[in-house]
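Everything on this sheet refers to the single structure shown next.
The values are calculated or read from the model by the stated rules, or taken from the named source; none is laboratory data. Nothing here was measured: the structure is a model prediction, and the numbers come from that model. So basically every Cβ, Gly included, is an ideal-geometry build from the backbone, and we count neighbours across all protein chains shown. Side chains included, ligands, DNA and RNA excluded: accessible areas come from the protein's heavy atoms. Shrake-Rupley method; radii C 1.70, N 1.55, O 1.52, S 1.80 Å.
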Amino acid sequence: MNEVSSGLRSLSFGSLQLHSQNGGLQSQNSSTLRKTSRTLSGSREKERYLPFIFKYLGRRKVIMLILVIIAILALTTGFLTASKEAASESSMLGFDGWFENRTYPVSREVEGTSENGSNVNIHGVCSTNNGSYLPTAYNSTATIAMPAPVMLSHPCKNFAFPPPPPGDARRIGPRPCPVCYIPVEQAIAALPRSASASPVLHHLTYFYEENPMKTEPHGGSDFGGYPSLKQRNDYFNVNKSMTVHCGFIKGCRAGDNTGFDIDLDDLKEMDEFHEIIVASAIFGNYDIIQQPTDISEIAKKNIPFYMFVDEETEAYMKNSSLLDNSKRVGLWRIIVVHNVPYTDPRRNGKVPKLLLHRLFPNVRYSIWIDGKLQLVVDPYQILERFLWRQNATFAISRHYARFDVIVEAEANKAAGKYDNVSIDNQIDFYRKEGLTPYSKAKLPITSDVPEGCVIIREHIPITNLFTCLWFNEVDRFTSRDQLSFSTVRDKIMAKANWTINMFLDCERRNFVIQAYHRDLLERWPPPLPRARVYSPPSSVRYNTPTETSRKKSPVKRVRGGKKPGSRRHRKVVAGNRDNPLLRLLSP
């Protein structure tokens, strides 16, 4: 047995099969002989028919037929090879070859051609994501979070504003007011599982032009294009399917050789699906980056924070050791923008502010805050309070003092916010279209002037159209977006059953803290040391500016009946008496 076993192991696998089958060799040989005979007979038949083919067709025709067949085979092989190479190249390049974000050109036309080709304008239409947000294999934070307790009634149902705090003559100006937020877990549970309905408009596409040309003596830019007044007016006639100008006119993928250019690695991340994002921007090194606080761990994990900066701001952040190769500053993911379209940094900031849906084509909700603001409330709680609880798709706060566009324009002129002639031209244009001072007749609309430093929105076609047309007004006229807000809002609301949640400015000041711009901070000397700081009770969220108090020391009598520290002995530091910051902060 041992010898047989060792012998079998030394044989090949085919030999083992022969030993085990006991006679299978003969059957295999017979079948092989039959196949060979059939093959030989087939070859003999072919050889028999070939002379007849040559006889009836002729040698030349046969040769030509063979050459034609070879040519067809060569073309077919080349086509298949090219297709395979293109497929392999696209699979290798992936996002580098093109962006798989459902944003692509669907038509191209050429107009305005000339002999030298200098005025050739190739334009077309870009399709985009219109609500197909959720990928096939995606777990929403509403499902992966801890299940929230069942709420029989909303915890904030009976919330009412408490009486205002006692007046303080030393602190003038707008103040925050209390806002009722539900716990983060309950806010996540309130996140809608599907997109809101977009009234009237269901499909929105965008124009692109490789060589935009100005045809009318009105505003516009190479970045936003030059839509005619007729096109502008047609865009306000809301239809089921629309194509509009919406920035990034030179391409379909925003940020890819369109002006406002973004690195490929950043575009890849921006093209991913996100349920919620928070975005901001600093251009011209105009502000100091503010870190969000009181953000839940689940929000830090699932909600990305994006900060757009230009090359000037990036250089400052690197020189001050704020930014390294990680592209992160605290919670903020820094996105560097190259080839900014405007010379005015504040106008460049309007691009991400109003066109986030083009930069992030696969995002459901976004919260925009200006670069000077610090977020101090969890994004889930903000969205629940100002969108989901109100069944709204767009939310922005009112101006704290003004509610009339004409009054706002005069205030902008008095403060030197923009060229006065340009402001007058814009208001005169709107007056001719029917702009009138705000009155109670517009109720339930409570204001025509927003405080536009915070925008909370759901990315659906109707809100995307609103911000596109709002941006077009900013591009055509002045960059003061407060002046054009109500015109765009009212024209869209006249055609679609859609409203904007304009909440109180004091509520906005509850979840963001406003800082000063960098230029003001650098001009002012550092403030004097302050006394002990105390905070309001933790049970009430009331994000007021920091209050201080001086600890009174017992009065000590000295000779002459004079108190130490009396007015006669107090020293005044030169240069601080007229400091506006100290006048605001001094008791």
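Summary table below
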item: Hey, LYS417 of a type in the set (Lys, Arg), without any contact (Cβ under 8 Å) to a residue 40 or more places away in the chain and surrounded by fewer than 21 Cβ atoms within 10 Å (Cβ to Cβ) or not; result: no
item: Pairs, first small (Gly, Ala, Ser) in the range 152-181, second surrounded by 10 or more Cβ atoms within 10 Å (Cβ to Cβ) and modelled with pLDDT of 85 or more, C-beta under 9 Å, six or more apart; result: GLY173/TYR400
item: ASP428 being out of contact with any Lys or Arg (no Cβ under 6 Å at 6 or more places or on another chain) and assigned to a helix (DSSP H, G or I); result: yes
item: Residues satisfying the stated conditions in the range 330-383, i.e. of a type in the set (Lys, Arg) and not in a strand (DSSP E or B); result: ARG346, ARG347, LYS350, LYS353, ARG358, LYS372
item: Filtered residues of the range 239-273 (kept if open to solvent by less than 10 Å² (accessible area, probe 1.4 Å), farther than 19 Å from ASP475 by Cβ and either of a type in the set (D, E, K, R) or assigned to a loop (DSSP other than H, G, I, E, B) (or both)); result: ARG253, ASP266
item: Failed condition for HIS338, given (1) farther than 27 Å from PHE477 by Cα; (2) surrounded by fewer than 17 Cβ atoms within 10 Å (Cβ to Cβ); result: (1)
item: Residue count for the range 290-326, restricted to those that are touching a residue at least 12 places away in the same chain (Cβ under 8 Å), over 18 Å from PHE511 (Cβ atoms), open to solvent by 30 Å² or more (accessible area, probe 1.4 Å) and part of a loop (DSSP other than H, G, I, E, B); result: 1
item: Failed criterion for ASP475 (all others in (1) in contact (Cβ under 8 Å) with a residue 40 or more places away in the chain; (2) open to solvent by less than 10 Å² (accessible area, probe 1.4 Å) hold); result: (2)
item: Qualifying positions in the range 197-243 - of a type in the set (Val, Ile, Thr) and closer than 17 Å to ASN464 by Cα; result: VAL200, THR205, VAL238, THR243
